[in-house]
Amino acid sequence: LMFEPEYSWNYEMGVKTSLLEQHVQAEASVFYIDWKNQQIYQLVPSGQGMMLKNAGKSVSKGFELSTRAKTGNSNLTLAYGFTDATFTEYEVNPALSYSGNFIPNVPRHTLSIQLNQGIELNSNLADKLNFTTLYRMVGAHYWNENNLVKQDAYGLLDLGAGVQAKHWMLELWVKNLLNTEYASFYFEALGNKYAQAGRPMRFG
């Protein structure tokens, strides 16, 4: 089966600024992507394997905001992104159209919040204690072009604590502290539906 190369025009505009004597840095950007013949993975008609096909036209547009605040040994970073990615022209066959559907695997919203806190030590054994908290939210998104199967929004919480010296560092960490259940991948084959589970809580 043959497929065409995809082409896109990409437009982006952004701004960066610093406030409060460099203690706060902020960035903002908007983007617009105009696709032609976007390459999309689909099941082969037999259901045994995947193939590349072309959507007619697609558009992805949105914006990203981020800010970082620093004071002493504390750093706070916030980032948010919004994406509206849809097929504007996608005629699968004369009886089936995906025009207006969302492009699969593209979350509409993303959010991250990270706090790093350091504590200086007056000790001959170690120089500093470090604490990290990271929360990431991935918005709802569809797994296929027909928009019939969706991954709901979910959040992941990571924590870390460590002690730092001149020649060594020890860190304890836990990822996905709340043991959030989510799918990291989904596909269909031979009439069956398969989902790969996201990573559960883990530590080290």
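Take the chain with all the other protein chains still there, run a 1.4 Å probe, and you get 67 Å² of accessible area per residue.
Against the compact-protein benchmark of 2.2 N^0.38 Å, the Cα-based radius of gyration of the chain scales to 1.34.
Within the accessible area of the chain, the carbon and sulfur atoms contribute 57%, probe 1.4 Å, all protein chains present.
Here the spin labels are modelled as points 7 Å beyond Cα on the Cα-Cβ line, and at ASN93 and LEU115 they lie 5.6 nm apart. Working from Cα pairs under 8 Å separated by at least six residues, relative contact order for the chain is 13 percent. Since only SER66, SER123, TYR90 are under comparison, the one whose Cα sits farthest along the positive direction of the charge dipole of the chain, derived from C-beta charges on Lys, Arg, Asp and Glu, is SER123.
Between ALA85, ALA69, ALA126, the residue with the greatest mean-square fluctuation in the GNM of the chain (Cα pairs under 10 Å linked by springs) is ALA126.
Stokes-Einstein diffusion coefficient for the stretch 104-204 at 25 °C in a medium of 0.890 mPa s, Rh from the Kirkwood formula over Cα pairs: what value in µm²/s? Walk me through the numbers before you get to the answer.
On the way: Rh = 16.2 Å.
Here the translational diffusion coefficient equals 152 µm²/s.
With K and R counted +1 and D and E -1, the other residues having a Cβ less than 11 Å from that of ASN130 yield a net charge of -2. Rounded to the nearest 10 square angstrom, THR71 shows an accessible area of 100 square angstrom against a 1.4 Å probe.
Could you give the distance between the Cα centres of the stretch 164-204 and the stretch 13-32, to the whole Å? Here the two parts' Cα centres lie 31 Å apart.
About the Cα centre, and with charges only on the beta carbon of Lys, Arg (+1) and Asp, Glu (-1), how big is the dipole of the chain? Nearest 20 debye, please. Provide the component values of the computation, followed by the final result.
On the way: 16 positive and 18 negative charges, 83 e Å.
So the dipole magnitude of the chain works out to roughly 400 debye.
How long are the three semi-axes of the equivalent ellipsoid of the stretch 7-80, in whole Å, if each is the root of 5 times an eigenvalue of the C-alpha gyration tensor, listed from largest down? Could the numbers behind the result be given before it?
On the way: eigenvalues 343, 57, 8 Å².
Equivalent ellipsoid semi-axes, largest first: 41, 17, 6 Å.
Of ASP152, ASP127, ASP84, which is the most mobile in a GNM of the chain whose springs link Cα atoms less than 10 angstrom apart? Largest GNM mean-square fluctuation: ASP127.
Sort TRP168, TRP143, TRP9 by accessible area with a 1.4 Å probe, largest first. Present the calculation step by step, with values, prior to reporting the outcome.
Working: TRP168 120, TRP143 30, TRP9 170 Å².
Descending accessible area places them as TRP9, TRP168, TRP143.
The values are calculated or read from the model by the stated rules, or taken from the named source; none is laboratory data. Computed from a predicted structure; not experimentally measured. Cβ coordinates were reconstructed from backbone atoms using ideal geometry, including for glycine residues, and neighbour counts include every protein chain displayed. When the accessible area is computed, the model is the full protein with side chains, heavy atoms only, and any ligands, DNA or RNA have been set aside. Shrake-Rupley method; radii C 1.70, N 1.55, O 1.52, S 1.80 Å.
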